[in-house]
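The values are calculated or read from the model by the stated rules, or taken from the named source; none is laboratory data. Predicted model, so just to flag it, every value in this text is computed and none were measured. Please note: Cβ atoms are built from the backbone with ideal geometry, for glycine as well, and neighbour counts cover all protein chains shown.
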Amino acid sequence: MTVATIAPTATLVETLWPARRESRAVRILILMTVGVLLLWLSAKIQIPLWPVPLTMQTFVVLTLGLAYGPRLGLATLVAYLAAGAVGLPVFSGGWGEGGGIVHLYGPTAGYLVGFVVAAWICGRLAERGWDRSPVEAVIAMLIGNLVIYVLGVSWLATQIGTVPALQHGLLPFLAGDALKIALGAVTLPLAWHLLGRRAG
């Protein structure tokens with residue numbers, strides 16, 4: 001059986017809150033709003049680490065993708081970008097900073113687009129059960145993180161050059177992102193384990 005023929009499995013959110021026809025729109029709106037709020041908070045709260053402060057943004061992007069699935073994850077990330085594009089200060093920076101359409105074509109635009117693609121890819125992998133074991137969750141999040149790096153650094157390189165883009169847009173973030181992937185690889189399988197115990 002190939003990957004293409006494997007039937008999708010329920011994501012964590014679909015299992016916790018199954019969609020019902022009469023409340024589908026309300027459910028989607030609530031989950032998207034919660035996702036955008038988590039993305040906003042994760043962009044603002046910084047943990048002081050050397051050489052760059054650590055935010056939890058990529059952790060939230062990847063875990064949202066895995067927990068929400070490809071369609072809801074994609075829609076949530078698009079809503080997040082739209083909120084920032086219209087001027088809401090949801091992107092990284094101070095609490096009153098990080099809004100405006102300039103972020104969608106400035107130096108960090110590639111990372112923001114990478115967030116959307118990574119969330120969709122992680123959601124597709126979650127439909128194949130990759131969020132239920134630590135090893136597969138690590139692989140799924142590594143793939144998502146790699147997509148963010150490729151799109152982010154590639155776009156940044158067009159702005160400042162390849163070597164500076166690697167020096168400032170990749171290398172300082174490797175250790176922090178490794179920690180976030182490790183955290184996600186524990187969090188999601190643990191949630192499934194607890195859900196299974198509760199169901200049993």
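Values for this structure:
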{"quantity": "Which numbered condition residue 40 fails, given (1) within 18 Å of the chain's Cα centre (by Cα); (2) within 19 Å of residue 174 (Cβ to Cβ); (3) not acidic (Asp, Glu)", "calculated": "(2)"}
{"quantity": "Helices (runs of 4 or more DSSP H) contained entirely in segment 126-200, each with at least 1 residues that are of a type in the set (D, E, K, R) and within 26 Å of residue 16 (Cα to Cα)", "calculated": "134-160, 174-199"}
{"quantity": "Total residues in segment 75-110, condition touching a helix residue (DSSP H, G or I) at 6+ places or on another chain (Cβ under 6 Å) and among the polar types (S, T, N, Q)", "calculated": "2"}
{"quantity": "Qualifying residue in segment 127-145 (condition: of a type in the set (Gly, Ala, Ser) and more than 18 Å from the chain's Cα centre (by Cα))", "calculated": "yes"}
{"quantity": "Segment 146-200, residues that are free of Cβ contacts under 8 Å to residues at least 60 places away in the same chain and among the hydroxyl-bearing types (Ser, Thr, Tyr)", "calculated": "149, 154, 158, 162"}
{"quantity": "Test: residue 130 is in contact with a Cys (Cβ under 9 Å, 6 or more places away or on another chain) and either at pLDDT 95 or above or of a type outside the set (D, E, K, R) (or both)", "calculated": "yes"}
{"quantity": "Hits in segment 74-133 (condition: buried (at least 18 other Cβ atoms within 10 Å of the Cβ) and among the aromatic types (Phe, Trp, Tyr))", "calculated": "80, 91, 111, 115, 120, 130"}
{"quantity": "Scope segment 83-100; condition out of contact with any His (no Cβ under 8 Å at 6 or more places or on another chain) and either under 22 Å from residue 150 (Cα atoms) or not hydrophobic (A, V, I, L, M, F, W, C) (or both); matching residues", "calculated": "87, 89, 92, 93, 94, 96, 97, 98, 99, 100"}
{"quantity": "Output for segment 166-186, where each listed residue is touching a helix residue (DSSP H, G or I) at 6+ places or on another chain (Cβ under 9 Å) and either farther than 20 Å from residue 144 by Cβ or of a type in the set (Val, Ile, Thr) (or both)", "calculated": "168, 181, 186"}
{"quantity": "Per-region count, segment 1-56, residues of a type in the set (S, T, N, Q), modelled with pLDDT under 90 and either more than 29 Å from residue 178 (Cβ to Cβ) or part of a helix (DSSP H, G or I) (or both)", "calculated": "3"}
{"quantity": "Some residue of segment 47-57 being in contact with a helix residue (DSSP H, G or I) (Cβ under 6 Å, 6 or more places away or on another chain), crowded, with 20+ Cβ neighbours inside 10 Å and farther than 23 Å from residue 168 by Cα", "calculated": "no"}
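The rows are residues; the columns are (1) exposed (fewer than 15 other Cβ atoms within 10 Å of the Cβ); (2) out of contact with any Lys or Arg (no Cβ under 9 Å at 6 or more places or on another chain); (3) modelled with pLDDT of 90 or more.
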position: 138; (1), (2), (3): no, yes, yes
position: 144; (1), (2), (3): no, yes, yes
position: 154; (1), (2), (3): yes, yes, yes
position: 169; (1), (2), (3): no, yes, yes
position: 180; (1), (2), (3): no, yes, yes
position: 186; (1), (2), (3): yes, yes, yes
position: 190; (1), (2), (3): yes, yes, yes
position: 193; (1), (2), (3): yes, no, no
